[in-house]
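Enquirer: I have a structure I would like to understand better, so I am pasting it below and will then ask my questions one at a time.
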Amino acid sequence: MAKSHPRVLTVSPKELLALELLVKDKKSYGLQLVAASKGRLKRGTVYVTLGRMEEKGYITSRLDDAPPGAGGLPRRIYEATPLGRRMLHAWSSGARRLVPEFAL
Amino acid sequence: MTHPGTRLRAIAARLFDAQTLERYVDPAVADLQAEYEHAATRGQRRESARIWVVGLLAVVQVMSIQGGLKAINTVRELGDDDRRALLRMVLASMTVFSIAALTLIVPFMREWWSHPRVADLAVYLIPQALPLAIPVGLMSGILWSLGRVPASRTVSVLVLVLALGSSLVSFVTLAWVMPNSNQAFRTAVAGGPVHRGANELTLGELRQRIRTATPLSPASLSRNSLALNYHGRWALAAAPFGLAVFGVIFTRGRTHGRIMRFALGPIVIFGYYFIMYAARDLGLDRTISPFAAAWAPNTALLTVSILSYLALRFTTPQTATGR
């Protein structure tokens, strides 16, 4: 029986940025990440990025409990998983070693 | 309190599956609603209005990205028959589009074959031809290809998505690209700066010019023609989608004979442009308003589409007409 190839884990620059912010702030809403990124993450695409990261297993999310009296949909709160933290650490240390000028 | 994004979310719920809605659309809507509520409860009316607009645009962007990904996946998962029908439609559309565009460009170029910048001049004429050639190509492709075998619901929806994209391309061309390429053509031919006419103004500049022209001044005639030009560009941009809707209604779930498939396209297109130019004359001499004149062909097309839908719905399916 042929061996199945292990899945290659990839991470884009936007995903790295989102991971970095989530590791720093522990938990965030999508809009908070946009604000914290100072415009590097865009409001229209951050949710697509976060959804993709959740599919890869780098982050997890849950619906936040709404404050009393609030209406509308419950907000989704994101946080980094252990895999996501290891991925960020691997990229950071690898970048520092290979290209010190571009290290996070 | 009205929660912004509720209607958009309802549309998204019809278009996407539960996972897409939960993972991509709902977080965007929820953040918008929370941010808006925060500003509104503090009485920050201008800020809350800004949040409403910016937030809704973000939700639309999320839906567009997911819609595009869904369309790509849908094409990948198409059956062989559907894929062949779609490919035939695209190839037929592109062939007719190319012929139509060349037919519109070449007569203009005959006068300038010996011009030192003949290649540039030909390029400058392309945007002018696009808004007329795109609907012709699309309509012909739909009728010739999708009328051969009954078009499935998936293929019909994909064709309409393609038509919507074509309308957007037409709109961008008519609003910004064509005016600047027209001006570039005129400048190249004149060998120096040339004053911009109505066709060389972008949509925004045209709107501004209409506002500043006073209704009872001697320039009121030109205000009418400016308004006609303005509304006409919007209406022409909608033509690819309108014609595609007609074509899809006609081919959905039924076949048609060769004569019908090849004759109907030119008849509809000729009728569309005939009404467009006739209504334009009525608008210029103020028999009807510029808005009514500009949208007359699309209104006629919508009426014919609705009547076709009703007529075809109440006849037996796969009615063979002609040969």
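The values are calculated or read from the model by the stated rules, or taken from the named source; none is laboratory data. On a predicted model such as this, the values are computed, not experimentally measured, just so you know. Neighbour counts are summed over all protein chains in view; Cβ atoms, including those assigned to glycine, are modelled from backbone coordinates with ideal geometry. Ligands, DNA and RNA are excluded from the accessible area calculation, which covers all protein heavy atoms including side chains. Shrake-Rupley method; radii C 1.70, N 1.55, O 1.52, S 1.80 Å.
Enquirer: Please give the solvent-accessible surface of B:Met178 in Å², to the nearest 10, using a probe radius of 1.4 Å with every protein chain present.
Expert: My reading of the accessible area for B:Met178 is about 20 Å².
Enquirer: Evaluate region B:1-102: find the radius of gyration of its Cα atoms, find its Kirkwood radius, and give the ratio Rg to Rh.
Expert: 1.21
Enquirer: Below 12 angstrom from the Cβ of B:Thr202, what's the summed charge of the other residues (Lys, Arg +1; Asp, Glu -1)?
Expert: Residues close to B:Thr202 contribute a combined charge of +2.
Enquirer: How many partner chain Cβ atoms sit within 10 Å of a residue's Cβ in peptide A:72-84, on average, as a whole number?
Expert: 4
Enquirer: Do any trypsin sites (Lys or Arg not before Pro) in region B:24-132 lie in a loop, going by DSSP, with at most 13 other beta-carbon atoms within 10 Å of their beta carbon, and if so which?
Expert: Sites meeting the loop and neighbour criteria: B:Arg42.
Enquirer: Over the heavy atoms of B:Trp113, what accessible area does a 1.4 Å probe trace out, to the nearest 10 Å²?
Expert: B:Trp113 exposes around 150 Å² with every protein chain in place.
Enquirer: Sort B:Asp26, A:Asp65, B:Asp80 by accessible area with a 1.4 Å probe, largest first.
Expert: These residues rank, largest area first, as A:Asp65, B:Asp80, B:Asp26.
Enquirer: Moving to a separate point now. Whole-Å semi-axes of chain B's equivalent ellipsoid, largest first, each the root of 5 times a Cα gyration tensor eigenvalue?
Expert: Calculated on Cα positions only, the semi-axes equal 34, 33, 21 Å.
Enquirer: Turning to a different aspect of this structure: Using a probe of 1.4 angstrom, how much of the accessible area of the protein assembly as shown is carbon and sulfur, in percent?
Expert: 64 percent
Enquirer: Treat each spin label as a single point 7 Å out from the Cα along the C-beta direction, and report the B:Ala263 to B:Asp285 distance in nm.
Expert: That separation, rounded to one decimal, is 3.4 nm.
Enquirer: Once every DSSP H run of n ≥ 4 in chain B is given -39500 (n - 2.57) and the sum is divided by its residues, what mean residue ellipticity at 222 nm do you get, rounded to the nearest 500 deg cm²/dmol?
Expert: -26500 deg cm²/dmol
Enquirer: Just tell me, in residue order, which DSSP H segments of chain B are both 24 angstrom or longer along the helix axis (alpha-carbon based) and at least -0.5 in mean Kyte-Doolittle hydropathy.
Expert: Length and hydropathy pass: B:45-76, B:80-109, B:118-146, B:153-172, B:220-251, B:258-284, B:290-313.
Enquirer: Further question on the same structure: Highest GNM mean-square fluctuation, chain B, Cα pairs closer than 10 Å: which of B:Tyr124, B:Tyr24, B:Tyr273?
Expert: Per the Cα network of chain B with a 10 Å cutoff, B:Tyr24 tops the list.
Enquirer: Measuring from label point to label point, each 7 Å out along Cα→Cβ, what is the A:Arg97 to B:Ala184 span in nm?
Expert: If labels sit at A:Arg97 and B:Ala184, their model points lie 5.0 nm apart.
Enquirer: Oh, and also: Where does each of B:Tyr272, B:Tyr309 land when they are ordered by accessible area, with a 1.4 Å probe and the largest first?
Expert: Result of the area sort, largest leading: B:Tyr309, B:Tyr272.
Enquirer: Suppose every K and R has +1 on its Cβ and every D and E has -1 on its Cβ; what is the size of the dipole of the protein assembly as shown about the Cα centre, in Debye to the nearest 20?
Expert: Computed about the Cα centre, the dipole is about 360 debye.
Enquirer: Would you list which lysines come within 21 Å of A:Lys38, measuring only between C-alpha atoms, while excluding same-chain residues fewer than 8 positions from it?
Expert: Those lysines meeting the cut-off are A:Lys14, A:Lys24, A:Lys26, A:Lys27.
Enquirer: Here's a follow-up. I need the calculated FRET efficiency for the pair B:Arg7 and B:Val123, taking r as the beta carbon distance and R₀ as 56 Å, to the nearest 0.05.
Expert: 0.85
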